[in-house]
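The next block holds one structure in the form of structure tokens; read it before the comments.
The values are calculated or read from the model by the stated rules, or taken from the named source; none is laboratory data. Here the structure is a predicted model, which is why all the values come from computation and not from measurement. All Cβ positions, even for glycine, are placed from backbone atoms using ideal geometry, and neighbour counts span all protein chains on display. Just the protein is used for accessible areas: all its heavy atoms, side chains included, with ligands, DNA and RNA removed. Shrake-Rupley method; radii C 1.70, N 1.55, O 1.52, S 1.80 Å.
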Amino acid sequence: MMDPRGPGWSLAAAARALRDGDTTSQQLTRAALARVQSVDAHVRAFVTVTEEEALAAAAAADARIANEAAGPLTGVPLALKDVITTAGVRTTCGSKMLEHYEPVDDAFVTRKLKEAGAVVVGKTNMDEFAMGSSTEHSAFFPTRNPWNLDCVPGGSSGGSAAAVAAGMVPVSLGSDTGGSIRQPAAFCGVVGMKPTYGRVSRYGLIAFANSLDQIGPFAHSVEDAATLLQAIAGHDPCDSTSAAYPAPDFASEFDRGIEGLRIAAPREFFTDADRMEPEVAEAVEAAIAVLEEQGAVVDRDTSLPLAKAALPVYYIIAPSEASANLARYDGVKYGYAYRGGDSMWDDMEKTRQHGFGDEVKRRILLGTYALSAGYYDAYYLQAQKVRTLIRRELRELFSRYQLIVAPTAPTVAFRIGAVSDPYEMYLNDIFTLPASIAGLPAISQPCGFGRDGLPVGLQFVADSWDEVTLFRGAAAYERATDWHTRPPAL
């Protein structure tokens, strides 16, 4: 069993210790805060630490536990990506534009966690407005990978992944638009899961791309990820894209095993993949062999010809939606405002010039161009048509298979500053984008180590609304291996 207050502590172990009276929420919360204080000067996972609020919530959780009104999250410390609103606590989106913004309302997921008795210890660093794959694009500082402080943790939810990997909290929340949970989970050697689009309310999630954004968990184990998802899933009338039916018991088939489970391993994720490091390919192939030993039927002779189109489709649709969403940041109502110009229009232009970072400006330009007169049909409309074709192709595959298995990322974590070409950075999402484009649930979990002893991620993708099978496959692989029990030597 992992020590519930050690560097690899799990949600399940912490909840069990609280339930059995072996510790208190205040002790766990102080241990989390002490861990943050001791290691975050090196990792830089947190933008804001909410010590006072966390200790007050922990005291309330202890009272709740004493009255035997505790749930699986009651009293457990966790962290939120700084794109999820928290009433009275600043929510920066990793941007100078919102550096001092304090929301007046909690996000749906924040409210659900508080109702469950969880203890929020702080807000984690991220690529500005969730645009990036390395957390180098934060306006404040880059986050570092706990496995190698010279390397990136992935992005855009790099702070949330690093906080879990470094043992600062047992679980955290991130957001995934094109891979922003799964890719940092792979780089940091933890479990990261993107639910079906609509499974978790986006109310209070500051928008990057409305048709793609989805909140999901980071954890040390598949069980912990399922427990956290269970707490935040469900219908929300404040979000028109929220699914209008209750969530199932995500852990209901954990113990079923995968004997006879039909799994596709499309060749586009393997033999046809560009830039795949040999060590990543070897680790994933070894993981597939483990699945077959468990009785799964893995078919390597399958194909998703349009999988490669997901990259250009995403980098037209997502920037287009971002262009529309970020138009509200004009220095008039809230956020950073430049006031030294010659006119209102000059102030607005300078606000956006100084308030946004280079990557955000790049994507605004891409999106504005794709939506402009004369180019809308050629780019945005065409991308939406190809998106429909990708969805159909995946739907047809899931009529014959229950899961897809693939690498999460083509490489392990790279060194900070090593990737300066934006296109090269975008290629980090090549394996995560098909599920995002189609709105499918997907999970990344550790499956070994590659170059320089850095973690490799294994990805499962399931059909829409079938998170139960997704967790079933991931749990079976986790039981047969011990990669998830190996914390970094930070």
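Some points to look at:
- Residues in the range 172-223 that are of a type in the set (Val, Ile, Thr) and over 17 Å from GLU321 (Cβ atoms): ILE181, VAL190, VAL191, THR196, VAL200, VAL222.
- Unique residue being at pLDDT 95 or above and open to solvent by 90 Å² or more (accessible area, probe 1.4 Å) when the list is ARG395, ARG387, ARG339: ARG395
- Sole residue being touching a Pro at 6+ places or on another chain (Cβ under 8 Å) and in contact (Cβ under 8 Å) with a residue 12 or more places away in the chain, chosen from THR143, THR124: THR143
- Checking PRO488 against (1) within 19 Å of the chain's Cα centre (by Cα); (2) surrounded by 21 or more Cβ atoms within 10 Å (Cβ to Cβ), the condition it does not meet: (1)
- Restricted to the range 289-334, and to residues there that are part of a loop (DSSP other than H, G, I, E, B) and of a type in the set (Ser, Thr, Tyr), the residue that is surrounded by the fewest Cβ atoms within 10 Å (Cβ to Cβ) is SER303.
- Which listed residue is at pLDDT 95 or above, surrounded by fewer than 20 Cβ atoms within 10 Å (Cβ to Cβ) and in contact with a Ser or Thr (Cβ under 9 Å, 6 or more places away or on another chain), from GLU102, GLU52: GLU102
- Exclusive hit being open to solvent by 10 Å² or more (accessible area, probe 1.4 Å), of a type in the set (Phe, Trp, Tyr) and either in contact with a Gly (Cβ under 9 Å, 6 or more places away or on another chain) or at pLDDT below 95 (or both), set TYR401, TYR369, TYR423: TYR423
- Within the range 429-448, considering residues that are in a helix (DSSP H, G or I) and out of contact with any helix residue (DSSP H, G or I) (no Cβ under 6 Å at 6 or more places or on another chain), the one surrounded by the fewest Cβ atoms within 10 Å (Cβ to Cβ): ASP429
- Taken over the range 351-366, the criterion of being open to solvent by 60 Å² or more (accessible area, probe 1.4 Å) and either of a type in the set (A, V, I, L, M, F, W, C) or assigned to a loop (DSSP other than H, G, I, E, B) (or both) is satisfied by LEU365, LEU366.
- Residue match in the range 154-171 (condition: part of a loop (DSSP other than H, G, I, E, B), out of contact with any Pro (no Cβ under 6 Å at 6 or more places or on another chain), within 21 Å of SER320 (Cα to Cα) and open to solvent by 10 Å² or more (accessible area, probe 1.4 Å)): no
- Selection of first residues in the range 232-247 that are free of Cβ contacts under 8 Å to residues at least 12 places away in the same chain and within 13 Å of GLY204 (Cα to Cα) and of second residues that are assigned to a loop (DSSP other than H, G, I, E, B) and open to solvent by 50 Å² or more (accessible area, probe 1.4 Å), restricted to Cβ pairs under 8 Å at least 6 apart or on distinct chains, gives an empty result.
- Whichever residue in the range 36-49 is open to solvent by 20 Å² or more (accessible area, probe 1.4 Å) and within 22 Å of the chain's Cα centre (by Cα) and, among such residues, is farthest from LEU78 (Cα to Cα): HIS42
- Scan of the range 57-83 for residues that are among the hydrophobic types (A, V, I, L, M, F, W, C), over 30 Å from MET97 (Cα atoms), open to solvent by 30 Å² or more (accessible area, probe 1.4 Å) and assigned to a helix (DSSP H, G or I), ordered by number: ALA59, ALA60, ALA63, ILE65, ALA66
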